[in-house]
Amino acid sequence: MNADGGEMRVALAQLNPTVGNLSGNVGLVRAAVERARADAADLLVTPELVVSGYPPKDLLLREGFVAACDRAVERLAAELPAGLGVLIGHPTEWGVPAQRIGNAVSLLCDGEVRATVLKTLLPNYDVFDEQRYFWATNEARTIEFRGLRLGVHICEDAWWGEPDTFYHHEPEEWPNPVLQLADDDAHVLINLSASPFELNKRDRRRRIMQRHAAMHNLPLVFVNQVGGNDDLVFDGNSFVMDGRGEVVTSLQGFATDQRTVDLSNLPRPIESAAPSREEVLLNALTLGLADYIAMRLHRLCAGALGGIDSALAACIAARALGPDKVHGIMMPSRYSSDHSVGDAQRLAERLGIDWQIIPIDDVHRSYEGLPVLRQDLASQPTGLADQNLQARIRGAIVMTRSNRHGWIALATGNKSELAVGYCTLYGDMCGGFAVLSDLLKRDVYALSRYINEEAGREIIPVNTIEKAPSAELAPNQFDQDSLPPYPILDEILAALIEREESAESLYDRFPRDVVQWVVRALDRNEFKRRQMAPGIKLSARAFGSGRRMPMAARIQYE
């Protein structure tokens, strides 16, 4: 055994489990076992809670669920080939009586569950709610296997001391699991994770793990989950570091993958340039949408296509499912420009998706002829009620097609619009998934340009990208008639939402009246966001489970 570890071949299995599908998830592990055997591996490492999928949420409270996970682990142990060890993440019942649930990793070998360790640090911030379900251990101990002491720990256990974390102890009482494992003479650190994607997370993880590996002069194996579960996407990006904290092996991002390394003969450090912001955003959106749709129906429909948001959403849908499973619906009104319809057709043809045109003017005029509504609409021509009516007519058409053909409707609103309520309930907010809901308008444009650059040709028409954004619900209407310019709006929103800055701190950078308008719009439109379709978390502060704001509130400061 040398300074970098012992004589052991370790297989990293970066898997895509489905929450609740115990038999399917164990099947993924079985397949990984066969690949590990083919690679002559001694130990297979899987992600955190791979048996249940992560996050299992309140399934953990359902009677019999955790016990079923324990039985699945015991059955898998009994059927493993002799000699191969498997580190498997799963929820477990523990305590006497068994009334507690632990976030556990078990070592399976030679027909039995050889050892089980529990997670020490339970995250309870942002999208994490582990203290709702799990009991933690206060002491981390190594596991003996084939003459080596394995420093097995689970996801957050490696994030000790990081800012913006919160656990079940007072700060001065937080145990440092990795330090405890090193003090217990670990030969290798092994972290099983279900670490969700957000921008810059890949590099942050590596910095954290590098600190541990270099501080203790130990090789480190990091295995992360991959795939989309509800609003979370897991990017994989598993790796192995040597005792200097240098990455010597890395697995793919946003894809299932498996590699085997020899701890006694680690490869040389590798250079791996971080992918561009646009590339990782597009990969996260594509994977998150694909896995969400796979759990429900198998086709999508999207309305409009002539605007920048709907065009980008259609591109992501075609990448995620394939063009044969995407249906575009173009619904021009009397205010739609000819170039918008033409741009939508060109986009659909370039993507190779099915499409049709359903004009809404006849339906719109029928509403204008109804008693009572006739007077309401005529009293304020092209006003808010009339504009929202058009959006709702389109929403009804999309949902009718969705219901009839078993398609999921794709909502196309972006984070900038959802933040300030520039969207219509039961109109453009209709849908089963809001794929752009954590993209500010600036990123919508950046991704649209990236798609064309990546393809080496014009997929999204240049006119769609360059024209002034408009909902086209009134004559000569543009978004900036109702909103601050998007570059200013997006900067203010990023400060208010993602960095939680105060309005006062922004007055020296932006006009005071603009900042106050954005703050009021952001606060008063929480009720709309509660009714939006689920989307994909991309930023540190996405609308959804990680941002819990009151609706019935009047927020004022002295």
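The values are calculated or read from the model by the stated rules, or taken from the named source; none is laboratory data. None of these values were measured; they are calculated from a predicted model. Ideal geometry is used to build each Cβ from the backbone, glycine not excepted, and the neighbour counts take in all protein chains shown. The protein model used for the area step is the full one, side chains on, heavy atoms only, and it has no ligands, DNA or RNA in it. Shrake-Rupley method; radii C 1.70, N 1.55, O 1.52, S 1.80 Å.
Once amide H atoms are placed 1.01 Å from N in the peptide plane, what residues at a sequence separation of 5 or more from residue 145, or on another chain, have their amide H within under 5 Å of its amide H?
Result for residue 145 returns 150.
Search the structure for amide H atoms under 5 Å from the amide H of residue 409, placed 1.01 Å from N in the peptide plane, and list their residues when 5 or more places away or on another chain.
For residue 409, the qualifying residues are 301, 432.
Going by average Cβ neighbours within 10 Å, how do the peptides 146-154, 217-225, 374-382, 29-37 rank, with the highest at the top?
217-225, 146-154, 29-37, 374-382
Packing-wise, with mean Cβ within 10 Å as the measure, how do 179-187, 270-278 rank, highest first? Each step should come with its number before you reach the end.
On the way: 179-187: 17.7, 270-278: 11.7.
Averaged packing, sorted descending, gives the order 179-187, 270-278.
Compute, for the chain, the length of the dipole vector about the Cα centre, with Cβ point charges of +1 (Lys, Arg) and -1 (Asp, Glu) only. Units Debye, rounded to 20. Please list the in-between numbers first.
On the way: 58 positive and 75 negative charges, 246 e Å.
For the chain, the charge dipole is close to 1180 debye.
Farthest toward the dipole's positive end in the chain, which of 298, 411, 248, given Cβ charges of +1 (Lys, Arg) and -1 (Asp, Glu) about the Cα centre?
Value: 298.
Could you state how much accessible area residue 364 has, in square angstrom rounded to the nearest 10, with a 1.4 Å probe and all protein chains kept in place?
Spelled out: residue 364, probe radius 1.4 Å, area about 0 Å².
Please list, in chain and number order, the residues 5+ apart from residue 228 or on another chain whose amide H is under 5 Å from its amide H, with Hs placed from the backbone.
So residue 228 has HN proximity to 234, 291.
Work out how much length residue 112 to residue 499 would gain on full extension: take 0.36 nm times their residue separation and subtract the Cα-Cα distance, in nm to one decimal. Present the calculation step by step, with values, prior to reporting the outcome.
Working: separation 387, 0.36 × 387 = 139.32 nm, distance 4.82 nm.
So the extension gain works out to 134.5 nm.
Check cross-link reach from residue 528 to the aspartates and glutamates: straight Cα distance under 16 Å, and skip same-chain residues fewer than eight apart.
Counting by Cα, and skipping residues close in sequence, residue 528 has these aspartates and glutamates nearby: 417, 428, 438.
Quick check on segment 387-461: take the gyration tensor over C-alpha atoms, sort the square-rooted eigenvalues as a ≥ b ≥ c, and tell me if it's rounded (a/c under 1.5), prolate or oblate. Can you show the working numbers first?
On the way: a/c = 2.39, a/b = 1.47, b/c = 1.63.
Oblate, since a/c reaches 1.5 and b/c is not below a/b.
Provide the per residue accessible area, probe 1.4 Å, for the chain, rounded to a whole number of square angstrom. Each step should come with its number before you reach the end.
Working: 23560 Å² over 558 residues.
On a per-residue basis, 42 Å².
Counting Lys and Arg as +1 and Asp and Glu as -1, each charge on the Cβ, what is the dipole of segment 37-134 about the Cα centre in debye, to the nearest 20?
On the way: 9 positive and 14 negative charges, 29 e Å.
The calculated dipole for segment 37-134 is roughly 140 debye.
Is segment 37-183 best put as rounded, prolate or oblate by its Cα gyration tensor, with a ≥ b ≥ c the root eigenvalues, rounded for a/c under 1.5, and otherwise prolate when a/b is larger than b/c, oblate when not?
Numbers: a/c = 1.98, a/b = 1.29, b/c = 1.54.
Taking the square roots of the gyration eigenvalues as a ≥ b ≥ c, segment 37-183 is oblate.
For segment 75-154, what's the relative contact order in percent, using C-alpha pairs closer than 8 Å and at least 6 residues apart? Walk me through the numbers before you get to the answer.
Details: 136 pairs, mean separation 19.5, N = 80.
Relative contact order comes out at 24 percent.
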